[in-house]
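A short write-up of the structure that comes next.
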Ligand SMILES: Nc1ncnc2c1ncn2[C@@H]1O[C@H](COP(=O)(O)OP(=O)(O)O)[C@@H](O)[C@H]1O
Ligand SMILES: [Mg+2]
């Protein structure tokens, strides 16, 4: 039987339903075997050749058969219901664990893994895993236990026929084990090919506008076809082994059945088995092999479940670099208006991604309720600094202090609850405008949501939508422009009203009206907050209490606007571009 430690661990929470399903499947199979036995009794009575005897006794086993058929129906219904309950519990529980894990791993993981692969694990692999508990385990355990009982009974009637049944049943039980290693490798390749294909399709759908803009539809279709072909090959390679395995299973089943029947008949002709014994042997052989015939299908479920269990547990046991889930913070605390009174300090912070880019010796302070602006050429490390403050990645060396708290695994959750962040690439979720703003603080009232939208200069635009705040937004809010998206993110942040603000200004070329709207809503948002702003606009830079010029992962200069104009050539060159409107 296919089983491993992960599968035993995953069973927690649905143990009772799995055992109940196995027991009911076994009961169902045993009732089937008893029906076979009673049918043998009825035939024996009919073949007795005494009309009065037949007339008097044949009805008894037949009536019991009818009752048992009804019992079998009830048992079957109960089995399906228990399997469904177990399946629901296990799917909910594992999907919840996977989602929690993804939140815990955070952007450090999601930026390096493919959406299609993660989605495949959460949807399909979990589905196969639940089939393992609700279909494979009951079918395989019940047919094996049933075979043990029946073969024991057959030994009482005739040891030779029983031995033939035993050998073929053992063949059917162990032959999948021989194929397992071939199937496992091919199975892992098939999952991988499927994930790649699925991810590429998803990527293409999301990037359809870009593909059209570059007239790349045809090229992309060819690429997707190629991936589809790789997936087909992976399936075929897997199917070849499955068919071979099914062939061997079928061989044991058919040969075992035929040989048992032939042996019993010959031995009855030789007088070793009585005619009554022959009747029972034939029916018991059928009762033994019929459930075994289901094993072929069940093995497939078992094998898919076990390969899925490896990748699910691999994801669940991934180590988080920073752990919000394990941090000492309750979900509700995220949305409380936490009091914060202190400075933010970056102390000799260094950090690097897996690649070459690194931040080196970043030291600066954002004084309480003041604004620090980060400026510099694209790719210099401004967003990385902001991501470190947001707790997306742990620092390599040095420390970030928020108030008196040194950011660490234990404090990151509490620190995140004090931060409102507005990123350039704000995500809009599938749902209504209202639900998207409410994300900032789920317990806010409708009036508070509308107020936040007003302060973010988004209210008038929302009113023009067909259903106002209840207008459904497609995936990633396609109907929102860059400026509107950022104002929606500002509305969320206004609603959250946290004391620390991280703001990554929109760099997309905004029209004058959008730019003014964003500026107004930003002023509303940043009022009396301790703010770290990645600045792309002149008014923001001029309002900042301190400006830090970042380039190549280092602080190139820091000070007020006037001081930097006098002392920093990099700032002077940036300022020239700000004035010329060329700074992105
Ligand atoms: N998740 C990531 N993994 C690896 N490298 C990254 C990641 N995010 C950004 N980088 C790299 O880090 C460098 C700095 O990026 P970023 O901080 O976004 O710069 P800026 O915001 O100043 O434009 C860039 O070279 C970028 O390619
Ligand atoms: Mg950036």
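The values are calculated or read from the model by the stated rules, or taken from the named source; none is laboratory data. Quick caveat: nothing in here was measured; it's all calculated off a predicted structure. No Cβ is skipped: glycine too gets one built from the backbone with ideal geometry, and neighbour counts run over all protein chains shown.
Worth pointing out:
- Among the residues here, residue 371 does not qualify as over 14 Å from residue 554 (Cβ atoms), without any contact (Cβ under 8 Å) to a residue 24 or more places away in the chain and more than 15 Å from ligand 2 (Cβ to nearest atom).
- Test: residue in region 520-533 that is within 16 Å of ligand 1 (Cβ to nearest atom), modelled with pLDDT of 90 or more and not in a helix (DSSP H, G or I): yes
- For region 412-426, filtered to residues that are in a loop (DSSP other than H, G, I, E, B) and within 16 Å of ligand 2 (Cβ to nearest atom), the residue that is surrounded by the most Cβ atoms within 10 Å (Cβ to Cβ) is 426.
- Yes/no for residue 488 being closer than 17 Å to residue 425 by Cα and more than 16 Å from ligand 1 (Cβ to nearest atom): yes
- Test result for residue 401, more than 16 Å from ligand 1 (Cβ to nearest atom), touching a helix residue (DSSP H, G or I) at 6+ places or on another chain (Cβ under 8 Å) and touching a residue at least 24 places away in the same chain (Cβ under 8 Å): no
- When 311, 330 are checked against the criterion of being surrounded by fewer than 23 Cβ atoms within 10 Å (Cβ to Cβ) and at pLDDT 80 or above, 311 stands alone in meeting it.
- Single residue of 447, 497 found to be on the phi < 0 side of the Ramachandran plot and either surrounded by fewer than 22 Cβ atoms within 10 Å (Cβ to Cβ) or over 29 Å from the mean Cα position of the chain (by Cα) (or both): 447
- Exclusive hit being part of a loop (DSSP other than H, G, I, E, B), more than 29 Å from residue 538 (Cβ to Cβ) and more than 35 Å from the chain's Cα centre (by Cα), set 341, 356, 348: 341
- Among the conditions (1) over 19 Å from residue 525 (Cβ atoms); (2) modelled with pLDDT of 90 or more; (3) in contact with a helix residue (DSSP H, G or I) (Cβ under 9 Å, 6 or more places away or on another chain), the only one that residue 430 does not satisfy is (2).
- Helices (runs of 4 or more DSSP H) contained entirely in region 1-101, each with at least 3 residues that are closer than 24 Å to residue 305 by Cβ: 5-10, 15-46
- Helices (runs of 4 or more DSSP H) fully within region 428-508 counting 1 or more residues that are in contact with a strand residue (DSSP E or B) (Cβ under 9 Å, 6 or more places away or on another chain): 433-438, 482-496
- Out of 407, 418, sole residue that is in contact (Cβ under 8 Å) with a residue 40 or more places away in the chain, in contact with a strand residue (DSSP E or B) (Cβ under 6 Å, 6 or more places away or on another chain) and away from ligand 1 (no atom under 16 Å from the Cβ): 418
- For residue 113, the stated conditions hold: it is at pLDDT below 90 and either more than 21 Å from residue 309 (Cβ to Cβ) or surrounded by 13 or more Cβ atoms within 10 Å (Cβ to Cβ) (or both).
- Note on region 377-404: residues that are more than 16 Å from ligand 2 (Cβ to nearest atom) and outside any strand (DSSP E or B) amount to 6.
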